[in-house]
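Chemist: Structure below; questions to follow.
Every number in this text was worked out from the coordinates using simple rules, so none of it is lab data. Being a predicted model, the structure only gives us computed values, none of them experimental. Methodologically, a virtual Cβ is constructed for each residue, glycine included, from the backbone with ideal geometry; neighbour enumeration extends over all protein chains shown.
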Amino acid sequence: MSWVVLALAILCEVGATLSLRMASTPYDGPDGPVEPSRRWYLGVVVGYAASFALFSLVLRMGIGLGISYGIWTAAGFALTAVAGRVFFKEAFTRVMVAGTVLIIVGVFLIELGQAAH
């Protein structure tokens with residue numbers, strides 16, 4: 001169950017980050033540039049608050065700080081980078097993909113090291 005809560009924390013953090021992008025970036029409308037709606041900031045606040053609350057619950061459920069934070073940040077980074085590419089047409093080059101894979105491998109190695117201890 002703690003892994004499900006961690007996954008929810010990650011999804012809330014990614015949602016909050018995407019909301020921040022939406023709240024801060026003007027976009028091209030049919031009649032020219034349009035200022036973003038401030039309503040997106042509600043998603044930022046709610047998403048980050050939920051993410052931190054869920055993450056603290058994960059820690060209370062017994063997943064170690066190092067591994068849970070590593071997974072939270074690595075998965076959040078990877079999902080946000082992919083979402084940035086899909087929704088905002090941001091760059092996600094082969095080198096960036098390789099860097100993302102290295103981050104994920106690094107977190108996996110930390111988990112293996114912790115399990116061997």
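Chemist: Rank these for me by crowding, 1, 22, going from fewest to most other beta carbons within 10 Å.
Modeler: The most exposed by this proxy come first: 1, 22.
Chemist: Taking a temperature of 10 °C and a viscosity of 1.306 mPa s, what whole-number D in µm²/s does Stokes-Einstein yield for the chain with Rh from Kirkwood over alpha carbon pairs?
Modeler: Estimated via Stokes-Einstein, D reaches 101 µm²/s.
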